[in-house]
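A.B. asks: Quick one: the structure is below, questions incoming.
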Amino acid sequence: MIDVGLILARFLHYTATATLAGVSFFPFYAYADSEPETLNFWRRKLLLWTAVVALFSGLFWFVFSAATMSGSLADLANPEVVWAVLRDTTFGVVWTARMFLAVAIVGVTAMCLFSTATVSRDSITPLLAAALLGSLAGTGHSQIEEGWASVIHVASDVAHLLAAGAWLGGLVPLGFILLRYDMVNREVRPIDVDRILLGFSGMGYVAVATLIGSGLINGWFLVGSVANLLRTPYGQILIGKLVLFAAMLALAIANRLWLVPLMSRTRTDTSGGVWASRLRNHVLGEQFLGWMVLLIVSILGTMRPAIVQ
Ligand code: HEM
């Protein structure tokens, strides 16, 4: 029960913090000038809702982690147990700071949504969202080394988390734009869609390269050998993650090299809509696979790493 609760809380928190970061980064690479007002308003609403989910899922992650440490959920009724986790564990100290940051982000995103001034390029939310996502590296498996090894592992994990957020979180507004974009509804001009798709691909190249590089470093510290990868439950589940990653990459490459050029070339003729809806399905497929990767990561983080099995 505690394990399942912890995995679900981790999954919800990874998804919410990755989405919060990726959605807040989106305008920086997607729009040459200002974001269309309707999309800006939709994105601000989404940021507030995602911030609220990030806060509550973070509190649930704390509850189930504290229950894992003390041995039962009932123990959490004892304030001394909760206080001991908060004060005497690195997890407790880091998590307290993260939850205060999450409350601040709810405040900032609510202000941005309800303020009358149009917020053209909000740079506070992306910074705070990056800190909330990246600070996950201050807990979990990146804490098993000491000295320089620990610095390298934590730094690579921060890069891994931010790249995961940029890609998976960026797919949400991209999917929304493609879902709303058709020949009739001109909320986004075709030329803007091309620019958004090109901007997203550019970000994608950097995110994928960072994920592979930092993933290999994580793997080096937590798996250690091909034998460990193949023979341990941790390694085998990580292979499952890599298969999902390869499928996401295949979809992304098909979009960039095949569907996007075809969609632009055939925009004026009847088949234009076909390629646009294909692209839309691919982007939704990439999103679903990405969330499955986060589910696997939510499980991996509760297991003993392969290198210590
Ligand atoms: C879509 C691609 C990917 C996404 C979204 C993703 C996401 C994540 C996330 C969110 C974490 C948890 C980090 C933490 O809480 O500290 C993680 C950990 C990890 N990732 Fe990835 N990752 C991706 C690709 C990769 C690749 C390509 C590799 C290997 C080459 C890799 C290897 C690892 C390892 C070894 C860990 C540590 C797991 C643990 O905590 O025990 N990842 N990944």
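A.B. asks: Looking only at the stretch 21-43, count every residue that is within 23 Å of residue 11 (Cα to Cα) and of a type in the set (D, E, K, R) and tell me the total.
C.D. replies: Of all residues in the stretch 21-43, those within 23 Å of residue 11 (Cα to Cα) come to 21-26, 43.
Remaining after also requiring of a type in the set (D, E, K, R): 43.
Qualifying residue count for the region: 1.
A.B. asks: Can residue 105 be described as modelled with pLDDT of 95 or more, buried (at least 21 other Cβ atoms within 10 Å of the Cβ) and either closer than 23 Å to residue 160 by Cα or in the same structural domain as residue 195 (by TED's automatic domain parsing) (or both)? Quick ask: steps written out before the conclusion?
C.D. replies: Working: modelled with pLDDT of 95 or more: yes; buried (at least 21 other Cβ atoms within 10 Å of the Cβ): yes; either closer than 23 Å to residue 160 by Cα or in the same structural domain as residue 195 (by TED's automatic domain parsing) (or both): yes.
Spelling it out, residue 105 is indeed modelled with pLDDT of 95 or more, buried (at least 21 other Cβ atoms within 10 Å of the Cβ) and either closer than 23 Å to residue 160 by Cα or in the same structural domain as residue 195 (by TED's automatic domain parsing) (or both).
A.B. asks: Testing residue 235 on (1) surrounded by 16 or more Cβ atoms within 10 Å (Cβ to Cβ); (2) closer than 25 Å to residue 309 by Cα; (3) within 18 Å of the chain's Cα centre (by Cα), one condition comes back false. Which one is that?
C.D. replies: Every listed condition holds for residue 235 apart from (3).
A.B. asks: Moving to a separate point now. Report, by residue number, each residue of the stretch 213-224 that is surrounded by 14 or more Cβ atoms within 10 Å (Cβ to Cβ) and either hydrophobic (A, V, I, L, M, F, W, C) or farther than 29 Å from residue 253 by Cβ (or both).
C.D. replies: Hits for the stretch 213-224 are 217, 220, 221, 222, 223, 224.
A.B. asks: Could you go through the stretch 244-251 and let me know if any residue there is under 25 Å from the mean Cα position of the chain (by Cα), at pLDDT below 95 and open to solvent by 40 Å² or more (accessible area, probe 1.4 Å). So that I can check it myself, show each step before the final result.
C.D. replies: The first filter runs over the stretch 244-251 and keeps only residues under 25 Å from the mean Cα position of the chain (by Cα), leaving 244-251.
Now drop any that are not at pLDDT below 95, which leaves none.
No, there is no match, as no residue in the stretch 244-251 is under 25 Å from the mean Cα position of the chain (by Cα), at pLDDT below 95 and open to solvent by 40 Å² or more (accessible area, probe 1.4 Å).
A.B. asks: Need at least 1 residues that are more than 30 Å from residue 39 (Cβ to Cβ) and either β-branched (Val, Ile, Thr) or without any contact (Cβ under 8 Å) to a residue 24 or more places away in the chain (or both) per element, so show me which helices (runs of 4 or more DSSP H) inside the stretch 62-155 make the cut, counting only ones lying wholly within it. Full working, then the answer.
C.D. replies: Values: elements: 79-88, 90-114, 124-134.
Those helices (runs of 4 or more DSSP H) span 79-88, 90-114.
A.B. asks: Failed condition for residue 156, given (1) under 25 Å from residue 304 (Cβ atoms); (2) at pLDDT 95 or above; (3) within 9 Å of the ligand (Cβ to nearest atom), with all others met?
C.D. replies: (3)
A.B. asks: Of all residues in the stretch 259-309, which are assigned to a helix (DSSP H, G or I) and among the hydroxyl-bearing types (Ser, Thr, Tyr)?
C.D. replies: Step one: filter the stretch 259-309 for residues assigned to a helix (DSSP H, G or I), giving 259-265, 272-300, 306-308.
The answer is 264, 277, 298.
A.B. asks: Do any residues in the stretch 200-229 that are more than 8 Å from the ligand (Cβ to nearest atom) have Cβ atoms under 6 Å from those of residues that are hydroxyl-bearing (Ser, Thr, Tyr), where the two are at least six apart or on different chains, and which pairs are they?
C.D. replies: Partner pairs satisfying both residue conditions: 203/29; 217/156.
The values are calculated or read from the model by the stated rules, or taken from the named source; none is laboratory data. Predicted, not measured: the structure shown is a model, and the values here were computed from it. In this analysis, Cβ positions are derived from the backbone assuming ideal geometry, glycine residues included, and neighbour counts consider all displayed protein chains. Side chains are part of the model used for accessible areas, which takes the heavy atoms of the whole protein and leaves out ligands, DNA and RNA. Shrake-Rupley method; radii C 1.70, N 1.55, O 1.52, S 1.80 Å.
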